[in-house]
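Reading through the structure tokens given below for one structure.
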Amino acid sequence: MSPPVFRFAPSPNGHLHLGHAYSALLNFDRARETGGRLLLRIEDIDATRCRPEYESAIYEDLAWLGIAWETPVRRQSEHLSDYRAALEKLSALGLVYPAFESRAEIAKLVAVREAAGPWPRDPDGAPLYPGDAKSLSTSERTRLIESGAPYALRLDMAAACLRAASLSWNEQGEGPDGERGIVTARPEAWGDVILARKEAPTSYHLSVVVDDALQGVSEIVRGQDLFHATSVHGLLQELLGQPAPAYRHHALIRDGEGRKLSKSSRSTGLRELRAAGATPASIRPLVGLD
């Protein structure tokens with residue numbers, strides 16, 4: 001039987017904080033406890049925000065914590081062809097369509113819908129896509145694309161759910177409302193999610209599913225803020241014919257006012273804590289670990 005495979009996958013768009021340390025340490029501890037492997041993946045698709053100095057800082061901070069990982073490290077920007085291949089597979093199934101509304105136009109459409117009553121929102125609180133791009137003819141789509149108009153490639157959620165069987169996942173941790181064990185997936189709650197954009201060949205949802213499958217990740221340890229997104233990931237795994245890993249979502253480290261930590265929060269940044277005299281051993285009790 002192959003050893004379990006874990007991964008820690010930060011984005012190099014800022015310095016790591018205590019929340020990142022908690023997730024990385026949990027993955028590291030689980031890998032040691034189970035005799036498994038720990039991978040490090042750099043999710044650097046966002047070329048406008050990701051920087052080499054932040055990537056270098058990730059390696060430095062994790063090494064300071066005493067965390068070891070396998071090499072080579074997978075950097076998403078070096079594997080764009082993998083995401084294109086997955087997108088083409090979904091397109092061949094008739095599940096992808098281009099939507100040409102700008103963010104401002106979408107906001108206006110939502111305002112119009114909400115004038116007549118509440119408009120549905122996804123589990124993160126964002127309004128579902130309100131446009132009608134699915135009704136555009138093939139010739140009109142081709143004309144807009146050839147004109148250079150920006151667009152987002154969206155998943156036809158209704159059609160995708162018809163193709164997938166009843167979906168669920170094995171929750172070995174705990175969801176934000178105490179969910180454990182076999183959890184029923186509800187991908188329809190997210191509407192027609194974005195899979196890629198004209199200027200970006202993939203999205204978080206698509207790339208994380210492709211990466212986990214290609215790297216053989218068998219157990220995903222991550223924060224509860226991604227618990228509901230697991231429904232979308234399970235749907236994409238089903239559509240792409242990929243194995244479903246087990247999931248272990250953990251509670252988030254929050255600031256004194258109960259807010260989720262951000263990379264701009266210097267008081268909980270690992271570099272700032274280290275400069276103030278913190279040691280790797282002192283970080284563990286700060287995040288609730290022995």
Tally up the residues in segment 168-194 that are part of a loop (DSSP other than H, G, I, E, B) and within 20 Å of residue 83 (Cα to Cα), please. 2
Could you list all residues from segment 35-71 that are hydrophobic (A, V, I, L, M, F, W, C) and in contact with a His (Cβ under 8 Å, 6 or more places away or on another chain)? 57
Residue count for segment 185-241, restricted to those that are touching an Asp or Glu at 6+ places or on another chain (Cβ under 7 Å) and farther than 21 Å from residue 44 by Cβ: 4
Taking into account only those residues within segment 14-55 that are modelled with pLDDT of 95 or more and among the polar types (S, T, N, Q), which is surrounded by the fewest Cβ atoms within 10 Å (Cβ to Cβ)? 34
From the residues in segment 170-201 that are touching a Pro at 6+ places or on another chain (Cβ under 8 Å) and modelled with pLDDT of 95 or more, which one is nearest to residue 132 (Cα to Cα)? 191
Does any residue in segment 269-282 that is within 14 Å of residue 22 (Cβ to Cβ) come within less than 8 Å, Cβ to Cβ, of a residue that is assigned to a loop (DSSP other than H, G, I, E, B) and charged (D, E, K, R) six or more places away or on a different chain, and which pairs are these? 269/263
Mind listing whichever residues of segment 117-166 are among the hydrophobic types (A, V, I, L, M, F, W, C) and not in a helix (DSSP H, G or I)? 119, 126, 128, 136, 149, 152, 153, 155, 164, 165
Are there any helices (runs of 4 or more DSSP H) wholly within segment 2-96 with 1 or more residues that are touching a Ser or Thr at 6+ places or on another chain (Cβ under 6 Å), and if so which? 18-34, 80-92
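The values are calculated or read from the model by the stated rules, or taken from the named source; none is laboratory data. Every value quoted in this text rests on a predicted model; they were computed, and no experiment measured them. Here Cβ is always computed from backbone atoms with ideal geometry, including for glycine, and neighbour counts include all displayed protein chains.
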